[in-house]
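Enquirer: Quick one: the structure is below, and I'll ask about it shortly.
The values are calculated or read from the model by the stated rules, or taken from the named source; none is laboratory data. All values reported here derive from a predicted model rather than from experimental measurement. Ligands, DNA and RNA are stripped out before the accessible areas are found, and what is left, the full protein with its side chains, is counted by its heavy atoms. Shrake-Rupley method; radii C 1.70, N 1.55, O 1.52, S 1.80 Å.
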Amino acid sequence: MNDRDAEQPPPTPFRYHVELNPAQLKITYSALHSLLNDFGHEESDVIGVIREVLDKLPDEHAIRAIQLDREIAKQLEGRPGADSPSYRDDTPPSAA
């Protein structure tokens, strides 16, 4: 092994594939933008990686079109037991 080999990072053996539903995509996009705004100039390598990930996501207009409350409601409807009423205490408070 020579000095030149020691300077180069090892090749990445694999890549990750992540499937996100629309709600997860919107939250991921927002979180990455928040991270981007939090890092300073001294962390340019981290900023570069965040930008690379953001470049792989749909553009801002597509993300804004995702209505988070509707997407979450759709997810909840598809869960088992979603049509059964949730527990709610309708008992009036006692007049003590």
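Enquirer: Figure the gain on full extension for E52 and Q75 (residue separation times 0.36 nm, minus the Cα-Cα span) and round it to one decimal in nm. Walk me through the intermediate numbers first.
Expert: On the way: separation 23, 0.36 × 23 = 8.28 nm, distance 2.90 nm.
Value of the extension gain: 5.4 nm.
Enquirer: Over the heavy atoms of S30, what accessible area does a 1.4 Å probe trace out, to the nearest 10 Å²?
Expert: About 60 Å², ignoring ligands and nucleic acids.
Enquirer: Here's another thing I want to ask about it. Quote the accessible area belonging to F39 in square angstrom, nearest 10, computed with a 1.4 Å probe and with ligands, DNA and RNA left uncounted.
Expert: 70
Enquirer: Let me ask something else. What share of Cα pairs, in percent, lie more than 13 angstrom apart in the range 1-70?
Expert: 73
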